[in-house]
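Some notes on the structure that comes next.
The values are calculated or read from the model by the stated rules, or taken from the named source; none is laboratory data. The structure displayed is predicted, hence computed values, not measured ones. Don't worry about glycine lacking a Cβ; one is built from the backbone with ideal geometry, like all the others, and counts go over all protein chains shown. We work out accessible area using only protein heavy atoms, side chains counted, and drop any ligands, DNA or RNA first. Shrake-Rupley method; radii C 1.70, N 1.55, O 1.52, S 1.80 Å.
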Amino acid sequence: MKSAAGLILSLLILLLVSQAVSAQVKPPRETALDRFLRYVKIDTQSKEDQETVPSTKKQFNLANLLVQELKSLGVQNVRLSEYAIVYAMVPGNLPDNSKTPVIGFISHMDTSDAVSGENVNPIIHKNYQGGDIVLPKDPTQVISVAKNPLLKEMIGDDIITADGTTLLGSDDKAGIAEILTMVDTLNQNPQIKHGSIAIAFTPDEEVSVGIEKFDVKGFGAKFAYTVDGGELGEISNETWSARTTTVTFHGKSTHPGTAKGVMINAMYALADYLARFPRGMLPETTEGRVGFVHPYAGTIDVEDSTLKVLLRDFEDSGLDKKEALLRRMVQQTERKFPQVKIAIEVKQDYKNMKAALKDYPQLTENALEAARRAGLKPFTKAIRGGTDGSNLTFRDLPCPDIFTGGHNFHGKLEFNSLRGLEKTTETLINLVQIFVEKSQ
Ligand SMILES: [Zn+2]
(Lines give C-alpha, C1' and ligand atoms only; values in the text may rest on other atoms or scores of the structure.)
Protein backbone atom coordinates (compact mmCIF):
# COMPACT_ATOMS: atom_id res chain seq x y z
CA MET A 1 0.00 0.00 0.00
CA LYS A 2 2.70 2.37 1.09
CA SER A 3 4.72 1.98 -2.10
CA ALA A 4 1.62 2.32 -4.34
CA ALA A 5 0.69 5.59 -2.63
CA GLY A 6 4.28 6.76 -3.02
CA LEU A 7 4.17 5.89 -6.74
CA ILE A 8 0.91 7.82 -7.22
CA LEU A 9 2.37 10.76 -5.34
CA SER A 10 5.54 10.84 -7.43
CA LEU A 11 3.46 10.52 -10.62
CA LEU A 12 1.37 13.49 -9.46
CA ILE A 13 4.50 15.53 -8.76
CA LEU A 14 5.90 14.61 -12.18
CA LEU A 15 2.64 15.71 -13.83
CA LEU A 16 2.63 19.04 -11.96
CA VAL A 17 6.28 19.71 -12.79
CA SER A 18 5.77 18.93 -16.48
CA GLN A 19 2.74 21.25 -16.56
CA ALA A 20 4.73 24.00 -14.91
CA VAL A 21 7.48 23.59 -17.52
CA SER A 22 5.04 23.68 -20.44
CA ALA A 23 3.43 26.83 -19.00
CA GLN A 24 6.83 28.52 -18.93
CA VAL A 25 7.57 31.24 -21.44
CA LYS A 26 10.28 30.46 -23.97
CA PRO A 27 12.99 33.14 -24.02
CA PRO A 28 13.22 35.56 -26.95
CA ARG A 29 15.84 34.98 -29.67
CA GLU A 30 17.71 38.03 -28.43
CA THR A 31 17.53 39.67 -24.99
CA ALA A 32 16.33 43.23 -24.41
CA LEU A 33 19.80 43.99 -23.00
CA ASP A 34 21.63 42.93 -26.18
CA ARG A 35 19.27 44.97 -28.34
CA PHE A 36 19.64 47.96 -26.02
CA LEU A 37 23.45 47.83 -26.13
CA ARG A 38 23.36 47.82 -29.95
CA TYR A 39 20.98 50.81 -30.25
CA VAL A 40 22.68 53.12 -27.76
CA LYS A 41 25.91 52.94 -29.78
CA ILE A 42 24.16 54.53 -32.77
CA ASP A 43 24.24 58.34 -32.52
CA THR A 44 20.72 59.71 -33.12
CA GLN A 45 20.90 63.12 -31.45
CA SER A 46 18.23 65.52 -32.71
CA LYS A 47 18.67 69.28 -33.07
CA GLU A 48 16.50 72.31 -32.20
CA ASP A 49 15.23 74.83 -34.75
CA GLN A 50 15.75 72.88 -37.96
CA GLU A 51 13.61 73.26 -41.06
CA THR A 52 13.25 69.54 -41.74
CA VAL A 53 12.01 66.37 -40.03
CA PRO A 54 14.12 64.51 -39.10
CA SER A 55 16.18 67.38 -37.75
CA THR A 56 19.34 65.29 -38.23
CA LYS A 57 19.91 62.80 -41.05
CA LYS A 58 21.73 60.37 -38.75
CA GLN A 59 18.41 59.33 -37.18
CA PHE A 60 17.87 57.35 -40.40
CA ASN A 61 20.77 55.07 -39.39
CA LEU A 62 18.77 53.63 -36.50
CA ALA A 63 15.47 53.80 -38.44
CA ASN A 64 16.92 51.67 -41.26
CA LEU A 65 18.31 49.12 -38.80
CA LEU A 66 14.93 48.85 -37.03
CA VAL A 67 13.18 48.27 -40.36
CA GLN A 68 15.54 45.32 -41.00
CA GLU A 69 15.06 43.93 -37.50
CA LEU A 70 11.26 44.19 -37.64
CA LYS A 71 11.29 42.34 -40.98
CA SER A 72 13.53 39.61 -39.60
CA LEU A 73 11.01 39.17 -36.74
CA GLY A 74 8.36 38.47 -39.38
CA VAL A 75 6.41 41.65 -38.60
CA GLN A 76 4.05 42.77 -41.39
CA ASN A 77 3.67 46.00 -43.28
CA VAL A 78 7.01 47.42 -42.14
CA ARG A 79 7.53 50.85 -43.67
CA LEU A 80 9.74 53.89 -43.27
CA SER A 81 8.33 57.34 -44.04
CA GLU A 82 10.28 60.23 -45.56
CA TYR A 83 10.25 61.75 -42.06
CA ALA A 84 12.15 58.74 -40.63
CA ILE A 85 9.11 57.33 -38.85
CA VAL A 86 9.10 53.51 -38.73
CA TYR A 87 5.66 51.85 -38.76
CA ALA A 88 4.82 48.14 -38.50
CA MET A 89 1.98 45.77 -37.62
CA VAL A 90 2.17 42.50 -35.69
CA PRO A 91 -0.91 40.49 -36.66
CA GLY A 92 -2.98 39.02 -33.82
CA ASN A 93 -3.04 35.26 -33.23
CA LEU A 94 -6.64 34.97 -32.01
CA PRO A 95 -9.39 32.95 -33.71
CA ASP A 96 -11.15 36.27 -34.26
CA ASN A 97 -8.79 39.25 -34.06
CA SER A 98 -11.56 41.73 -34.76
CA LYS A 99 -12.94 41.30 -31.21
CA THR A 100 -9.77 42.72 -29.65
CA PRO A 101 -8.72 46.33 -30.27
CA VAL A 102 -5.44 47.05 -32.06
CA ILE A 103 -2.96 48.35 -29.44
CA GLY A 104 -0.16 50.70 -30.43
CA PHE A 105 3.30 50.96 -28.87
CA ILE A 106 5.51 53.95 -29.64
CA SER A 107 9.07 54.86 -28.71
CA HIS A 108 11.37 57.58 -30.00
CA MET A 109 14.73 57.06 -31.62
CA ASP A 110 16.39 60.44 -31.04
CA THR A 111 18.33 61.51 -27.96
CA SER A 112 18.40 64.90 -26.24
CA ASP A 113 20.53 67.68 -27.69
CA ALA A 114 21.58 68.69 -24.15
CA VAL A 115 24.46 66.18 -24.03
CA SER A 116 26.44 64.38 -26.75
CA GLY A 117 25.19 60.98 -27.92
CA GLU A 118 28.26 60.27 -30.04
CA ASN A 119 30.45 57.22 -29.31
CA VAL A 120 28.29 56.08 -26.40
CA ASN A 121 30.22 53.43 -24.47
CA PRO A 122 27.69 51.52 -22.33
CA ILE A 123 29.12 50.01 -19.15
CA ILE A 124 27.46 47.17 -17.25
CA HIS A 125 28.04 47.34 -13.50
CA LYS A 126 27.33 43.68 -12.79
CA ASN A 127 25.72 42.57 -9.55
CA TYR A 128 25.58 46.07 -8.03
CA GLN A 129 26.34 45.90 -4.31
CA GLY A 130 25.36 49.42 -3.23
CA GLY A 131 27.27 52.69 -2.98
CA ASP A 132 27.91 55.54 -5.40
CA ILE A 133 28.74 54.71 -9.02
CA VAL A 134 31.70 56.70 -10.37
CA LEU A 135 31.75 56.88 -14.16
CA PRO A 136 35.21 55.78 -15.34
CA LYS A 137 36.05 58.32 -18.07
CA ASP A 138 35.13 61.33 -15.90
CA PRO A 139 35.37 60.72 -12.15
CA THR A 140 33.49 63.97 -11.46
CA GLN A 141 30.39 62.23 -12.84
CA VAL A 142 28.98 60.26 -9.91
CA ILE A 143 25.59 58.55 -9.63
CA SER A 144 25.18 58.96 -5.88
CA VAL A 145 22.85 57.08 -3.56
CA ALA A 146 22.01 60.42 -1.92
CA LYS A 147 20.58 61.82 -5.17
CA ASN A 148 19.29 58.46 -6.46
CA PRO A 149 17.71 56.72 -3.45
CA LEU A 150 16.18 54.10 -5.76
CA LEU A 151 19.68 52.59 -6.05
CA LYS A 152 19.05 51.04 -2.62
CA GLU A 153 16.40 48.83 -4.22
CA MET A 154 18.71 47.76 -7.02
CA ILE A 155 21.18 45.60 -5.08
CA GLY A 156 22.10 42.56 -7.16
CA ASP A 157 20.86 44.12 -10.40
CA ASP A 158 23.17 44.82 -13.38
CA ILE A 159 23.21 48.61 -13.77
CA ILE A 160 23.93 50.10 -17.19
CA THR A 161 25.52 53.56 -17.48
CA ALA A 162 27.53 55.54 -20.02
CA ASP A 163 31.23 56.17 -19.35
CA GLY A 164 30.88 59.77 -18.10
CA THR A 165 31.48 61.56 -21.42
CA THR A 166 28.04 61.16 -23.04
CA LEU A 167 24.43 60.45 -22.16
CA LEU A 168 23.35 56.79 -22.28
CA GLY A 169 20.35 57.14 -24.57
CA SER A 170 18.10 54.90 -22.49
CA ASP A 171 15.64 57.70 -23.28
CA ASP A 172 14.29 56.22 -25.40
CA LYS A 173 16.28 53.32 -26.85
CA ALA A 174 15.20 51.28 -23.82
CA GLY A 175 11.62 51.63 -25.06
CA ILE A 176 12.61 50.41 -28.54
CA ALA A 177 14.51 47.41 -27.14
CA GLU A 178 11.60 46.52 -24.85
CA ILE A 179 8.98 46.71 -27.61
CA LEU A 180 11.05 44.59 -30.01
CA THR A 181 11.81 42.03 -27.30
CA MET A 182 8.07 41.81 -26.59
CA VAL A 183 7.49 41.04 -30.29
CA ASP A 184 10.33 38.51 -30.28
CA THR A 185 8.91 36.79 -27.17
CA LEU A 186 5.42 36.64 -28.68
CA ASN A 187 6.95 35.02 -31.80
CA GLN A 188 8.61 32.35 -29.70
CA ASN A 189 5.44 31.67 -27.71
CA PRO A 190 2.38 31.23 -29.91
CA GLN A 191 0.50 30.04 -26.80
CA ILE A 192 0.46 33.68 -25.61
CA LYS A 193 -2.66 35.18 -27.13
CA HIS A 194 -2.69 38.74 -28.38
CA GLY A 195 -4.61 41.00 -30.73
CA SER A 196 -2.93 42.97 -33.51
CA ILE A 197 -0.17 45.29 -32.33
CA ALA A 198 0.80 48.47 -34.18
CA ILE A 199 4.36 49.69 -33.64
CA ALA A 200 6.00 53.01 -34.40
CA PHE A 201 9.46 54.43 -33.77
CA THR A 202 9.59 58.20 -34.11
CA PRO A 203 12.34 60.81 -34.66
CA ASP A 204 12.69 64.26 -33.09
CA GLU A 205 10.66 63.69 -29.91
CA GLU A 206 13.16 65.73 -27.91
CA VAL A 207 12.69 68.73 -30.19
CA SER A 208 8.88 68.20 -30.29
CA VAL A 209 8.53 68.24 -34.08
CA GLY A 210 8.65 64.58 -35.18
CA ILE A 211 5.18 63.74 -33.91
CA GLU A 212 3.54 66.36 -36.12
CA LYS A 213 4.41 64.15 -39.09
CA PHE A 214 2.87 61.05 -37.47
CA ASP A 215 0.27 59.31 -39.63
CA VAL A 216 -2.41 58.44 -37.04
CA LYS A 217 -4.72 56.83 -39.60
CA GLY A 218 -2.00 54.75 -41.27
CA PHE A 219 -0.72 53.60 -37.87
CA GLY A 220 -3.91 51.57 -37.50
CA ALA A 221 -4.39 51.48 -33.71
CA LYS A 222 -7.38 52.62 -31.65
CA PHE A 223 -5.11 53.79 -28.84
CA ALA A 224 -1.44 53.52 -27.98
CA TYR A 225 1.15 53.70 -25.25
CA THR A 226 4.38 55.61 -25.47
CA VAL A 227 7.06 53.50 -23.77
CA ASP A 228 9.12 56.50 -22.71
CA GLY A 229 8.78 56.86 -18.94
CA GLY A 230 11.10 56.47 -15.98
CA GLU A 231 11.23 54.23 -12.93
CA LEU A 232 9.64 50.78 -12.92
CA GLY A 233 5.90 50.93 -12.27
CA GLU A 234 5.40 54.59 -13.26
CA ILE A 235 2.38 55.08 -15.55
CA SER A 236 1.54 58.60 -16.71
CA ASN A 237 -1.86 59.68 -17.93
CA GLU A 238 -1.29 63.34 -17.22
CA THR A 239 1.07 65.95 -18.66
CA TRP A 240 1.38 69.72 -18.51
CA SER A 241 -0.94 71.99 -20.37
CA ALA A 242 1.52 74.25 -22.07
CA ARG A 243 1.61 77.72 -23.61
CA THR A 244 4.48 79.86 -24.83
CA THR A 245 4.35 83.65 -24.55
CA THR A 246 6.43 86.08 -26.58
CA VAL A 247 6.59 89.62 -25.20
CA THR A 248 8.05 92.27 -27.53
CA PHE A 249 9.25 95.72 -26.47
CA HIS A 250 9.45 98.29 -29.22
CA GLY A 251 11.56 101.46 -28.75
CA LYS A 252 13.44 103.79 -31.08
CA SER A 253 17.07 103.64 -32.10
CA THR A 254 19.16 106.62 -33.18
CA HIS A 255 22.84 107.51 -33.35
CA PRO A 256 23.86 107.83 -29.67
CA GLY A 257 25.64 111.12 -30.47
CA THR A 258 22.32 112.74 -31.32
CA ALA A 259 20.06 110.63 -29.15
CA LYS A 260 18.98 113.22 -26.60
CA GLY A 261 15.22 113.34 -26.36
CA VAL A 262 14.86 110.95 -29.30
CA MET A 263 16.17 107.51 -28.38
CA ILE A 264 13.79 105.12 -26.60
CA ASN A 265 15.81 102.17 -25.29
CA ALA A 266 13.53 99.11 -25.17
CA MET A 267 16.02 97.12 -23.08
CA TYR A 268 15.12 98.95 -19.86
CA ALA A 269 11.47 98.08 -20.29
CA LEU A 270 12.41 94.42 -20.78
CA ALA A 271 14.58 94.51 -17.65
CA ASP A 272 11.72 96.07 -15.67
CA TYR A 273 9.33 93.39 -16.93
CA LEU A 274 11.75 90.58 -16.10
CA ALA A 275 12.18 91.89 -12.55
CA ARG A 276 8.41 91.53 -11.98
CA PHE A 277 8.36 87.70 -12.22
CA PRO A 278 7.31 86.31 -8.81
CA ARG A 279 10.16 84.25 -7.31
CA GLY A 280 7.82 81.56 -6.03
CA MET A 281 6.40 80.79 -9.47
CA LEU A 282 9.56 79.72 -11.31
CA PRO A 283 10.74 76.23 -12.33
CA GLU A 284 13.63 76.52 -9.87
CA THR A 285 11.21 77.09 -6.96
CA THR A 286 8.32 74.71 -7.81
CA GLU A 287 7.73 70.95 -7.92
CA GLY A 288 5.03 68.28 -7.82
CA ARG A 289 1.69 69.54 -9.11
CA VAL A 290 2.59 73.24 -8.94
CA GLY A 291 2.94 74.95 -12.33
CA PHE A 292 5.37 77.70 -13.30
CA VAL A 293 6.22 80.65 -15.54
CA HIS A 294 9.69 80.45 -17.07
CA PRO A 295 11.41 83.26 -18.97
CA TYR A 296 13.88 81.15 -20.96
CA ALA A 297 15.16 83.10 -23.96
CA GLY A 298 15.13 86.51 -25.58
CA THR A 299 17.00 89.17 -27.50
CA ILE A 300 17.93 92.64 -26.35
CA ASP A 301 18.36 95.63 -28.59
CA VAL A 302 17.65 99.35 -28.32
CA GLU A 303 14.84 99.31 -30.86
CA ASP A 304 13.36 95.81 -30.35
CA SER A 305 13.76 93.49 -27.41
CA THR A 306 11.87 90.22 -26.99
CA LEU A 307 11.33 87.79 -24.14
CA LYS A 308 10.06 84.24 -24.47
CA VAL A 309 8.24 82.72 -21.50
CA LEU A 310 6.98 79.17 -20.94
CA LEU A 311 3.68 78.78 -19.05
CA ARG A 312 3.08 75.35 -17.52
CA ASP A 313 0.24 74.03 -15.36
CA PHE A 314 -1.81 70.83 -15.03
CA GLU A 315 -5.05 72.83 -15.11
CA ASP A 316 -6.23 75.17 -17.86
CA SER A 317 -7.55 77.51 -15.16
CA GLY A 318 -4.04 77.67 -13.71
CA LEU A 319 -2.64 78.53 -17.13
CA ASP A 320 -5.28 81.24 -17.58
CA LYS A 321 -4.23 82.81 -14.27
CA LYS A 322 -0.57 82.78 -15.29
CA GLU A 323 -1.39 84.33 -18.62
CA ALA A 324 -3.45 87.06 -16.89
CA LEU A 325 -0.51 87.75 -14.58
CA LEU A 326 1.86 88.20 -17.52
CA ARG A 327 -0.62 90.62 -19.14
CA ARG A 328 -0.96 92.64 -15.89
CA MET A 329 2.83 92.85 -15.71
CA VAL A 330 2.79 94.31 -19.25
CA GLN A 331 0.42 97.07 -18.07
CA GLN A 332 2.65 97.83 -15.10
CA THR A 333 5.77 98.11 -17.26
CA GLU A 334 3.86 100.23 -19.79
CA ARG A 335 2.96 102.72 -17.06
CA LYS A 336 6.63 103.03 -16.17
CA PHE A 337 7.84 103.18 -19.80
CA PRO A 338 4.95 104.87 -21.64
CA GLN A 339 7.03 105.45 -24.78
CA VAL A 340 7.86 101.74 -25.25
CA LYS A 341 5.22 99.77 -27.15
CA ILE A 342 4.74 96.35 -25.59
CA ALA A 343 2.93 93.47 -27.27
CA ILE A 344 2.19 90.04 -25.86
CA GLU A 345 1.46 86.99 -27.96
CA VAL A 346 0.36 83.62 -26.55
CA LYS A 347 0.60 80.27 -28.34
CA GLN A 348 -0.92 76.96 -27.14
CA ASP A 349 1.78 74.23 -27.25
CA TYR A 350 -0.04 71.15 -25.99
CA LYS A 351 -2.74 70.24 -23.50
CA ASN A 352 -2.87 67.95 -20.50
CA MET A 353 -3.83 64.56 -21.95
CA LYS A 354 -5.91 63.79 -18.86
CA ALA A 355 -8.85 65.76 -20.25
CA ALA A 356 -9.09 63.33 -23.18
CA LEU A 357 -7.90 60.19 -21.37
CA LYS A 358 -10.61 60.38 -18.72
CA ASP A 359 -12.93 58.83 -21.32
CA TYR A 360 -10.58 55.80 -21.55
CA PRO A 361 -9.91 54.82 -17.93
CA GLN A 362 -9.25 51.18 -18.98
CA LEU A 363 -6.00 52.21 -20.72
CA THR A 364 -4.44 53.31 -17.44
CA GLU A 365 -6.10 50.51 -15.41
CA ASN A 366 -4.84 47.80 -17.76
CA ALA A 367 -1.30 49.20 -17.73
CA LEU A 368 -1.34 49.24 -13.91
CA GLU A 369 -2.60 45.64 -13.87
CA ALA A 370 0.09 44.55 -16.37
CA ALA A 371 2.81 46.01 -14.16
CA ARG A 372 1.28 44.38 -11.07
CA ARG A 373 1.39 40.98 -12.81
CA ALA A 374 5.09 41.58 -13.47
CA GLY A 375 5.55 41.82 -9.68
CA LEU A 376 5.89 45.61 -9.63
CA LYS A 377 4.13 48.18 -7.45
CA PRO A 378 2.68 50.46 -10.11
CA PHE A 379 1.56 54.04 -9.57
CA THR A 380 0.38 56.94 -11.69
CA LYS A 381 2.41 60.11 -11.94
CA ALA A 382 1.77 63.42 -13.65
CA ILE A 383 4.64 64.32 -15.99
CA ARG A 384 6.10 67.81 -15.53
CA GLY A 385 6.56 67.98 -19.27
CA GLY A 386 4.94 66.78 -22.47
CA THR A 387 5.20 63.52 -24.41
CA ASP A 388 4.48 62.53 -27.98
CA GLY A 389 1.32 61.10 -26.41
CA SER A 390 0.06 64.57 -25.44
CA ASN A 391 -0.01 65.45 -29.14
CA LEU A 392 -1.48 62.09 -30.25
CA THR A 393 -4.16 62.04 -27.55
CA PHE A 394 -5.66 65.20 -29.03
CA ARG A 395 -5.51 63.71 -32.51
CA ASP A 396 -7.86 60.87 -31.44
CA LEU A 397 -5.14 58.41 -30.52
CA PRO A 398 -5.41 58.22 -26.71
CA CYS A 399 -1.88 57.58 -25.51
CA PRO A 400 -0.71 57.25 -21.89
CA ASP A 401 2.94 56.65 -21.07
CA ILE A 402 4.60 53.52 -19.63
CA PHE A 403 7.92 53.35 -17.77
CA THR A 404 11.14 52.05 -19.36
CA GLY A 405 13.20 51.48 -16.19
CA GLY A 406 15.42 54.48 -17.06
CA HIS A 407 16.63 57.29 -14.77
CA ASN A 408 18.32 60.73 -15.06
CA PHE A 409 17.27 61.44 -18.64
CA HIS A 410 19.15 63.96 -20.81
CA GLY A 411 22.39 63.83 -18.82
CA LYS A 412 25.65 61.97 -18.34
CA LEU A 413 24.28 60.29 -15.19
CA GLU A 414 21.53 58.50 -17.12
CA PHE A 415 21.14 54.82 -16.26
CA ASN A 416 18.92 51.78 -16.63
CA SER A 417 19.34 48.17 -15.49
CA LEU A 418 18.89 44.59 -16.62
CA ARG A 419 15.84 44.26 -14.39
CA GLY A 420 14.50 47.57 -15.72
CA LEU A 421 14.63 46.29 -19.30
CA GLU A 422 13.27 42.83 -18.45
CA LYS A 423 10.42 43.94 -16.17
CA THR A 424 9.25 46.52 -18.69
CA THR A 425 9.25 43.90 -21.46
CA GLU A 426 7.30 41.55 -19.19
CA THR A 427 4.78 44.33 -18.49
CA LEU A 428 4.20 44.88 -22.21
CA ILE A 429 3.64 41.15 -22.76
CA ASN A 430 1.15 41.10 -19.86
CA LEU A 431 -0.62 44.14 -21.24
CA VAL A 432 -1.44 42.63 -24.64
CA GLN A 433 -2.88 39.59 -22.87
CA ILE A 434 -5.03 41.71 -20.54
CA PHE A 435 -6.67 43.35 -23.55
CA VAL A 436 -7.51 39.86 -24.89
CA GLU A 437 -8.98 38.81 -21.54
CA LYS A 438 -11.11 41.95 -21.35
CA SER A 439 -12.42 41.75 -24.91
CA GLN A 440 -13.16 38.08 -25.55
ZN1 LIG B 1 11.97 60.29 -24.11
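Need pairs with beta-carbon distance below 6 Å; first residue without any contact (Cβ under 8 Å) to a residue 60 or more places away in the chain and within the range 247-276, second exposed (fewer than 14 other Cβ atoms within 10 Å of the Cβ); sequence gap 6+ or separate chains. Close Cβ pairs satisfying both conditions: T254/V262.
Among the residues of the range 199-227, how many are within 23 Å of N77 (Cβ to Cβ) and open to solvent by 10 Å² or more (accessible area, probe 1.4 Å)? Qualifying residue count for the region: 11.
Check the range 280-297 and report whether any residue there is touching a helix residue (DSSP H, G or I) at 6+ places or on another chain (Cβ under 8 Å), on the phi < 0 side of the Ramachandran plot, open to solvent by 40 Å² or more (accessible area, probe 1.4 Å) and part of a helix (DSSP H, G or I). Yes, the range 280-297 has at least one match. The residue that is nearest to the ligand (Cβ to nearest atom), among those in the range 211-239 that are touching a His at 6+ places or on another chain (Cβ under 7 Å) and closer than 15 Å to G386 by Cα, is D228. Considering D184, D163, D172, the condition of being more than 16 Å from the ligand (Cβ to nearest atom) and either under 17 Å from L421 (Cβ atoms) or of a type in the set (F, W, Y) (or both) is satisfied by D184 alone.
For beta carbons closer than 7 Å, sequence separation of 6+ or different chains, a first residue in the range 217-238 that is farther than 24 Å from G420 by Cα and a second that is within 16 Å of the ligand (Cβ to nearest atom), the qualifying pairs are F219/A200; F223/C399. Considering only the range 300-319, I want to know if a residue exists there that is at pLDDT 95 or above, among the small types (G, A, S) and within 30 Å of V262 (Cβ to Cβ). Yes, because at least one residue in the range 300-319 is at pLDDT 95 or above, among the small types (G, A, S) and within 30 Å of V262 (Cβ to Cβ). Screening T244 on (1) free of Cβ contacts under 8 Å to residues at least 40 places away in the same chain; (2) β-branched (V, I, T); (3) part of a strand (DSSP E or B) shows it passes everything except condition (1). Just so you know, in the range 1-60 the residues that are at pLDDT 90 or above and hydroxyl-bearing (S, T, Y) include one that is most open to solvent (accessible area, probe 1.4 Å), and it is T52. Would you call E365 open to solvent by 10 Å² or more (accessible area, probe 1.4 Å) and more than 28 Å from R243 (Cβ to Cβ)? Yes.
Scan the range 187-205 and give yes if some residue there is under 20 Å from G405 (Cα atoms), touching a helix residue (DSSP H, G or I) at 6+ places or on another chain (Cβ under 9 Å) and among the basic types (K, R), otherwise no. Within the range 187-205 (the criterion being under 20 Å from G405 (Cα atoms), touching a helix residue (DSSP H, G or I) at 6+ places or on another chain (Cβ under 9 Å) and among the basic types (K, R)), the answer is no, since none of the residues qualifies. Within the range 371-411, the set of residues being within 14 Å of the ligand (Cβ to nearest atom), polar (S, T, N, Q) and open to solvent by 10 Å² or more (accessible area, probe 1.4 Å) comprises T387, N391, N408. A single entry from V309, V340, V330 fulfils the requirement of being of a type in the set (V, I, T) and under 26 Å from the mean Cα position of the chain (by Cα): V309. Take the residues of the range 254-286 that are over 23 Å from Q331 (Cα atoms) and polar (S, T, N, Q): which is nearest to the ligand (Cβ to nearest atom)? Among those that are over 23 Å from Q331 (Cα atoms) and polar (S, T, N, Q), it is T286. If you filter the range 328-362 down to residues that are of a type in the set (G, A, S) and modelled with pLDDT under 95, you find that the one that is least open to solvent (accessible area, probe 1.4 Å) is A356. Taking the range 55-139 and the strands (runs of 3 or more DSSP E) fully enclosed by it, the elements with 1 or more residues that are over 22 Å from L421 (Cβ atoms) and not aromatic (F, W, Y) are at 76-80, 86-90. Considering every residue within the range 58-66, establish whether at least one is among the small types (G, A, S) and out of contact with any helix residue (DSSP H, G or I) (no Cβ under 9 Å at 6 or more places or on another chain). Scanning the range 58-66 turns up at least one residue that is among the small types (G, A, S) and out of contact with any helix residue (DSSP H, G or I) (no Cβ under 9 Å at 6 or more places or on another chain). Candidates are the residues of the range 200-228 that are in a helix (DSSP H, G or I) and of a type in the set (K, R); the one that is nearest to T100 (Cα to Cα) is K217.
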